[in-house]
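Notes follow the structure.
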């Protein structure tokens, strides 16, 4: 692993933060079921959850493809050599996190677990502090005005 990277630890990934939140939500639901009440067990939850899972997955897939086309990493410990501002990155500076958040919400509906939505603000706060802020500092130090201009034109999330 190189030191020229926003994160060098495999523990500093969105998978860890969202995954930990998922495990906690499942544990909480085991001890105290918190579902969508009258909608619980209905097809409506699946009609909401499934499209969100598909949309989030497509955002992640297209974002990873954009990174791959430019030989840019999405894993920790690998240096970023260019700012990607096309595809999903023209709408969001963090489309991978956005896609994962949409999937996470879709999963909440699909498995009828409101705890996931309750934990979402905490999860997103942790992602913001532990992942996004260091990434933005890294990119600003590495790319300077080019990154600051990108930040002015593209929102962090959507």
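The values are calculated or read from the model by the stated rules, or taken from the named source; none is laboratory data. Computed from a predicted structure; not experimentally measured. Counting neighbours? That spans all protein chains shown, and the Cβs are built from the backbone with ideal geometry, glycine included.
Brief remarks on what is shown
The rows are residues; the columns are (1) farther than 30 Å from residue 81 by Cβ; (2) out of contact with any strand residue (DSSP E or B) (no Cβ under 9 Å at 6 or more places or on another chain); (3) touching a residue at least 24 places away in the same chain (Cβ under 8 Å).
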residue	(1), (2), (3)
25	yes, yes, yes
32	yes, yes, no
41	yes, yes, yes
47	yes, yes, no
50	yes, yes, yes
53	yes, yes, yes
56	no, yes, yes
60	no, yes, yes
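- The stretch 89-112, residues that are crowded, with 22+ Cβ neighbours inside 10 Å and either at pLDDT below 95 or more than 16 Å from the chain's Cα centre (by Cα) (or both): 109
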